[in-house]
Amino acid sequence: MLSAVDRRLAGMDAPSTPAVQFGRHDPARHTLVHVSDTHLLAGNRPLGGRFDTEGNLAQTLEAVERTGVRPDAIVFTGDLADLGEPDAYARLRAVVEPFAERLDAPVVWVAGNHDERPALRSGLLDSAPTQEPVTGVWDLGGLRLIALDSTVPGWHHGDLDDGQLEWLRAELSTPAAHGTMIALHHPPLPSHLPLFDILELRRQDELAAVIAGSDVRGILAGHLHYSTSGSFAGIPVNVAAATCYTMNLQRPAASVNGMDAGQSFHLVHVYDDTITHSVVPVVEAETGDYFSPEWIARMSTLTADQRLEEFSRKRAQPPG
Ligand SMILES: [Fe+2]
Ligand SMILES: [Fe+2]
């Protein structure tokens, strides 16, 4: 799989990519699309009698496609189905697989507390319907992505058993060329919403000990239904909001509830020395057209000083 740098050198990138470097960073080496909490139901029944989870997922994926991004992977951080029904996984697959083929990117399915491992395994992974944790390792052109399974069968809180932690320790014993990202459902972060702390990830100290000194550069998570970020054992943690419904954080913490608005996904850009997580709202809004591929191309013909003169210098405004 070609990295963004390789694609640019091969002239394969979108026309909006500058032919020359405008800033101090080389283009991102890797791009991920981070989506979470689809919560599909069999027969596309409305979730809670209110939310069109399949329609909202379709709108999210259409928004992803409008970005023109060609990601190295599309990561779904859990709660893929609301009740773990086989038809929900079949519906999810029917929507996501053609999308992933168009983007030519692998899909990383992460289990969440609303999922059921046996149905997820048979419905999405074509594997035996067992209660084994749903884990995996991907080599995305030098960036290693490790999916952990923080679910506990029969419960909604999160945990990581000794077997999974030992497996993770063994995987991390060999560093990857461009470092490692971990994806799991329950974020190792506090929430200001009391309901989520009841369901928090257990054994976080043990997880911290396993990743200490390793090449882990970031953690992707879901579960909260709102976008947030923090750090865990010194490693950035980014939580993508949900596609099904999101938490209305305008309310006091004790009475926050879901609303059919605010859905978003994250564009994750992996640079050599940093990683950015850009929250993309799933909305259609009238948008200006000043910046265009032609504008970028014209900027590319200028020197760095000319670009500053053209685009950075403040112009005198007429009084009034
Ligand atoms: Fe969820
Ligand atoms: Fe969850």
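The values are calculated or read from the model by the stated rules, or taken from the named source; none is laboratory data. Not measured: the values here are computed from a predicted model. For neighbour counting, all protein chains shown are included, and Cβ atoms are generated from backbone atoms with ideal geometry for every residue, glycine included. Ligands, DNA and RNA are excluded from the accessible area calculation, which covers all protein heavy atoms including side chains. Shrake-Rupley method; radii C 1.70, N 1.55, O 1.52, S 1.80 Å.
Miscellaneous remarks
- Restricting the range 94-120 to residues that are open to solvent by 40 Å² or more (accessible area, probe 1.4 Å) and out of contact with any strand residue (DSSP E or B) (no Cβ under 9 Å at 6 or more places or on another chain), the residue that is nearest to Gly154 (Cα to Cα): Ala94
- Residue count for the range 253-298, restricted to those that are part of a helix (DSSP H, G or I) and open to solvent by less than 80 Å² (accessible area, probe 1.4 Å): 6
- The single condition among (1) surrounded by 15 or more Cβ atoms within 10 Å (Cβ to Cβ); (2) away from ligand 2 (no atom under 16 Å from the Cβ); (3) in a loop (DSSP other than H, G, I, E, B) that Gln131 does not meet is (1).
- The number of residues in the range 202-226 that are closer than 30 Å to Ala261 by Cβ and within 16 Å of ligand 2 (Cβ to nearest atom) comes to 8.
- Within the range 71-93, being outside any loop (DSSP other than H, G, I, E, B), open to solvent by 10 Å² or more (accessible area, probe 1.4 Å) and more than 30 Å from Val270 (Cβ to Cβ) holds for Pro86, Asp87, Ala90, Arg91.
- Residue match in the range 21-28 (condition: away from ligand 2 (no atom under 15 Å from the Cβ), under 21 Å from the mean Cα position of the chain (by Cα), open to solvent by less than 50 Å² (accessible area, probe 1.4 Å) and at negative phi): yes
- For Gly112, the conditions (1) over 22 Å from Pro236 (Cα atoms); (2) touching an Asp or Glu at 6+ places or on another chain (Cβ under 6 Å) are fulfilled apart from (1).
- A Cβ distance below 6 Å, combined with a sequence gap of six or more or placement on separate chains, defines the contacts here; from the range 199-217, residues that are charged (D, E, K, R) reach residues that are open to solvent by 80 Å² or more (accessible area, probe 1.4 Å) in the pairs Asp215/Pro175.
- In the range 202-222, the qualifying residues are those that are under 19 Å from the mean Cα position of the chain (by Cα) and open to solvent by less than 10 Å² (accessible area, probe 1.4 Å), and the one that is nearest to Val33 (Cα to Cα) is Leu220.
- The range 221-235 residues that are within 13 Å of ligand 1 (Cβ to nearest atom), paired with ones that are open to solvent by 20 Å² or more (accessible area, probe 1.4 Å) and not acidic (Asp, Glu) (beta carbon under 6 Å, 6 or more apart): His225/Met247; Tyr226/Met247; Tyr226/Leu249
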